[in-house]
Structures are given as structure tokens and as C-alpha cells.
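Here the structure comes first, spelled out in C-alpha cells, and everything after it is commentary.
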Amino acid sequence: MAANFAALDRYIDRQIEAVAGYFGPVEAAAIDAVGRWQAEQGIAGNLAEIGVHHGKLFFILALLRQAGERALAIDLFQDDGLNTGIHAGRDTAFFDNRARLGIALDEPEVWTVDSLTLTAETLRARIGEVRLFSVDGGHAYRNVIHDMRLAEAVLADDGVMIVHDFFGVGWPDVSVAAIHLLTEMKDRLQPFLITQYKLFVARPAVAEHYRAMLVTSPRLRGAHLSERTMFDRPITLFNLGRRELLERRIKRKLGLYPKTL
Ligand SMILES: C[S@@+](CC[C@H](N)C(=O)[O-])C[C@H]1O[C@@H](n2cnc3c(N)ncnc32)[C@H](O)[C@@H]1O
């Protein structure tokens, strides 16, 4: 039976703009393309994120779930004095957004915990093998190393890990930590896609399959494609084309994107 992605289409086309978060349309399209392709290829597994904030990315993962698959949202879900503007509401916004969007989650799919206290064993016991894992929790060196190690430990052989802010100018230690970890694990992890905000990584045996799929994906047709190398291996880059960027700015100005859910 073909998977039904109507709710995911609705979220990405009409609702995602109203959820505060830290990535743009190219990342949404790439995650969508990867997750759907996995389902179409019969690649099964669970879907997880460390660092959920208001749920912008996690809701894509939840809406990608197929029969028998589970999602896992890991976050401190805590507000503090540093959280202002779009950073505020970490204690409530995820839960409010989930309710308003009508995204059903079982209780074990949300884990309020400091990821630094988790081990590969405790995480595996909770979620098993993961086909799509977003690492976007604490941005300090030790958080990134720890969280990427956790993600690698449960990553399925044909799964994908997504690392946030790898090239983010505001977060140099994310890049340093990820480079250290990817160098140490170069036989087990290979970056295959770079977008403005994220680095996509897979097992070396399947990285080329993902690259081949992405360059022909209709979801990324509007994005500008380049080919480069990273760690001496080929990697694909996607940026938003100037026309699409302009179109989105105009639409936002005209109020064509929903302001609230
Ligand atoms: C950049 S935000 C995540 C953005 C989100 N992925 C999105 O789609 O918009 C980082 C999140 O990591 C969480 N976080 C920071 N340190 C953490 C830790 N040690 N354990 C769990 N979550 C943590 C924060 O509470 C925050 O919600």
C-alpha cells in the first residue's frame, strides 16, 4: 500500500512557516525528500531528534512515520532567562503546536531529558534503530560530540543523520566537534549533502544512493545545485535559487503565508 503523505504535504506547504525554528525551505524539502524516499524504498526505522525547540523539524519526522514506526523528541523543554523572542516558550510551544496541528504522539515519543545523561544503551532501549536522526541540541563542543555519538549508535545501516548549524557562523564549536567526530568515524559516516543550515550524513555504503536521489528530486527542483568534495569524497550542495527567494519574500509581504496555525 502506498504511503499517505497528505498531512505532511499540508504541514510543509501551509503550516510550517507558523512554527518558530531554525531552518528554511531547502532543509524542509531535503528532509522531506530523504524521508519519503526511504519509505518508498522500504527502508524502515524510527525517526528521532535531539533538540526539538518548538517542533518545526520534529513535526516533519512525526508526519513521515509509517506503520510500525515511532518518533522520538528529546529536549530539556525548559524556558530560562536567556529565552526571548522566538527562543521563548520552550516549556509550552512544542506541546501547543502539536495540539493545534493535530499531530498524534504517544507519551513515550516525547522525552524530557538532558541528552548528556543518555547512553547509547538507554537510547537504543527507548527507540531502537533510527532511519532519520536530527542532531540539534546543545551547541557546545561536548554536546555535539555526545549527541552525534548517540545518533550514530542507533543509526540504521541505510539511515541518515542531520547535523544542524555545521556551517553556522554563530556556532564554531559545532563545526569543530562535527569535524572531529566525522574524522574519527570516517569509515562509518560520510557527509553527502550541505544546505545553508544543515549537514546530511549517511553510511559510506549508501551515501551515493542519497546523492543520486536528491539531484533528481522534484522537491528540490527550485534549489541551486553544486557538486563539491568534503573529506576527499563527493558532496552535493543545495541553496535556494534567487527567484525562489524573491518569490517567498513577496508572498510573505503580501501575507500569503499563515501567521498563526
Ligand atoms: C536550536 S534549538 C532546536 C531547533 C529545532 N530543531 C527546530 O527544528 O527548530 C536547540 C534545542 O536544544 C535543546 N537542548 C539544548 N541542550 C540540550 C540538552 N543537553 N539536552 C536536550 N536538549 C537540549 C534546547 O532546549 C532547544 O530546544
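Here are the numbers for the structure shown:
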quantity	calculated
Filtered residue count, segment 133-174, keeping only those that are within 15 Å of the ligand (Cβ to nearest atom), part of a helix (DSSP H, G or I) and surrounded by 15 or more Cβ atoms within 10 Å (Cβ to Cβ)	12
Matching entry among LEU57, LEU76, LEU72, LEU64 (being of a type outside the set (Gly, Ala, Ser), away from the ligand (no atom under 13 Å from the Cβ) and within 18 Å of the chain's Cα centre (by Cα))	LEU64
Which listed residue is charged (D, E, K, R), touching a helix residue (DSSP H, G or I) at 6+ places or on another chain (Cβ under 7 Å) and closer than 15 Å to VAL130 by Cα, from ARG70, ARG65	ARG70
Checking ARG124 against (1) more than 10 Å from the ligand (Cβ to nearest atom); (2) under 21 Å from PHE231 (Cα atoms), the condition it does not meet	(2)
Scan of segment 79-97 for residues that are over 17 Å from the mean Cα position of the chain (by Cα), modelled with pLDDT of 95 or more and crowded, with 17+ Cβ neighbours inside 10 Å, ordered by number	ALA93, ASN97
Matching entry among ALA207, ALA177 (being modelled with pLDDT of 95 or more, closer than 23 Å to LEU61 by Cβ, over 17 Å from the mean Cα position of the chain (by Cα) and assigned to a helix (DSSP H, G or I))	ALA177
Residues that are among the small types (Gly, Ala, Ser) and surrounded by fewer than 23 Cβ atoms within 10 Å (Cβ to Cβ), drawn from segment 22-34	GLY24, ALA28, ALA29, ALA33
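For every residue, the table says whether it meets (1) in contact with a Cys (Cβ under 6 Å, 6 or more places away or on another chain); (2) buried (at least 21 other Cβ atoms within 10 Å of the Cβ); (3) at pLDDT 95 or above; (4) in a strand (DSSP E or B).
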| residue | (1), (2), (3), (4) |
| --- | --- |
| ARG188 | no, no, yes, no |
| PHE200 | no, yes, yes, yes |
| LEU237 | no, no, yes, yes |
| GLU244 | no, no, no, no |
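The values are calculated or read from the model by the stated rules, or taken from the named source; none is laboratory data. Small disclaimer: the values here were computed from a predicted structure and weren't measured. Cβ atoms come from the backbone with ideal geometry, glycine included; neighbour counts cover every protein chain shown.
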